[in-house]
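This report concerns only the one structure given below.
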Amino acid sequence: MKQDILFNFLKKEEARQLEGINLIASENYASRDVLEMTGSVLTNKYVEGSVGARYYSGCAFVDQIEAETIERFKKLFHAEHANVQPHCGSSANFAVYFALLNPGDTILSMKLSAGGHLTHGHSVNLSGKMYNIISYGVDEKTGLIDYQALEQLATEHKPKLIIAGASSYSRTLDFEKFSNIAKKVGAYFLADIAHIAGLVAAGLHPSPFPWADCVTMTTHKTFRGPRGAVILCKNEFAQRIDRAVMPGIQGGAFMNVIAAKGVACAQASTPEFKEYQKQVIQNAQAMADVFTQHGYTVVSGGTDTHLFLIDVRPLGLTGKQVEEILETVGIFVNRNAIPYDSNSPMVAGGIRIGTAAIATRGATQTDCENIAQLTIDIVSEYLDKEDISAYAELVREITSRWS
């Protein structure tokens, strides 16, 4: 079977990941232990239900694995309850909606162009079709969340759920303010920390606990684990959350991925992981500073996290164009809507840059300053209609020095 063409594609993808500069904020490189657990014989085991209450026999050892993983997440995030079964962040969010809301209930969440996520109520997503969505954004001048305006929306619309969390907001989220607003209007409060879970685990971003009723997170991105998700919540919501996950929106859990989540959680509990997260933030800030110094518009003026947005419209380009230009030489970013963007999300007026993946490979602040300058040079020469193909070798030279 190793002659299967799919294995050839796999080798090519491995080479792409090693030779390219990965600046996609939602991606990372999982450790060998995480990869090994994900590809283990646990793939063979089918389970439905919770620890000690399965619908299949032969679950003695997988029960121990899931129970241990649950305890690890509770301890790391100081959470009262954890469900480690969600297959992805979208599943986790919908499980919370299923547990707390009825169709047609009002959700107050960040709009996609301001940094929110599809599952927070975008019109093309099931969340936008099932619930009444009221969107908050960011201040047009500062790029920051206007908490006073958010409170006014909450007071006016009386949502049943308020969501804090984003896929492209680069500044610190004030979970206490969100919580106070939610309490004022009698709403549940969900913190979606999919992107910043690693920073929160390392104590480099304020924790959503004790402020949030429920917390969703993905286990890839900054958390550097397998592709999957976890729901953390207060004990009063535990039973509703567990039932919402299974049988509410999922059947069998992926035990291989649950075990890999547990491995990643153990890794995230180490001093080394905290140092890594510090490097992630320093790298992002170093890159953002270089772009700013060269006249690029960095949304909100910088970053407190692992990512930042650049408005590329002043260059006469779209995010899609910049994404494609950089990909030709082995630099990977993603097009991204920016606040008050007039372009469609498929075209976008900006790009999103993240440093979690390259920090895993060993990139330093100096590396990131050089990469930012390299990116600026590539785009500049493209605009001058010069040949940029030679930059591919420079990219490979940089990545060859990393692990």
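Structure values in brief
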{"item": "Summed residue charge, Cβ within 13 Å of D213's Cβ, Lys/Arg positive, Asp/Glu negative", "result": "+1"}
{"item": "In the range 1-90, chymotrypsin sites (Phe, Trp or Tyr not before Pro) in a DSSP loop with at most 12 other beta-carbon atoms within 10 Å", "result": "Y56"}
{"item": "Fewest-first sequence of S300, S342 by Cβ atoms within 10 Å of each Cβ", "result": "S342, S300"}
{"item": "Identified option (computed mean projected area of the Cα convex hull in nm²; candidates (1) 19.1; (2) 20.1; (3) 28.3)", "result": "(2)"}
{"item": "Chain lengthening between A238 and F332 when straightened (0.36 nm per residue, less Cα-Cα)", "result": "29.9 nm"}
{"item": "Chain lengthening between H157 and S344 when straightened (0.36 nm per residue, less Cα-Cα)", "result": "64.6 nm"}
{"item": "Restricting the range 341-401 to GluC sites (Glu not before Pro) in coil, as DSSP defines it, with at most 14 other Cβ within 10 Å", "result": "E386"}
{"item": "For the range 125-182 versus the range 38-80, the gap between their alpha-carbon centres in whole angstrom", "result": "34 Å"}
{"item": "Cysteines without a disulfide-compatible partner [the chain; Cβ-Cβ under 4.7 Å]", "result": "C59, C88, C265, C368"}
{"item": "Residue of P210, P345, P271 that the Gaussian network model of the chain assigns the largest fluctuation, springs spanning Cα pairs under 10 Å", "result": "P271"}
{"item": "Within the chain, helix-based [θ] at 222 nm, where runs of 4 or more DSSP H residues each add -39,500 (n - 2.57), nearest 500", "result": "-13000 deg cm²/dmol"}
{"item": "Nearest-0.05 FRET efficiency for K184 and E324, computed from C-beta distance (R0 60 Å)", "result": "0.85"}
{"item": "Neighbour-count order for S113, S170, fewest beta carbons within 10 angstrom listed first", "result": "S113, S170"}
{"item": "Extension gain from R16 to Q373, taking 0.36 nm per residue of separation minus the Cα-Cα distance", "result": "126.3 nm"}
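None of the figures in this text is laboratory data; all of them are computed from the coordinates on show. Just so it is clear, the structure is predicted and the values come from calculations on it, not from any experiment. Note that each Cβ is placed from the backbone with ideal geometry, even for glycine, and that neighbours are counted across all protein chains shown.
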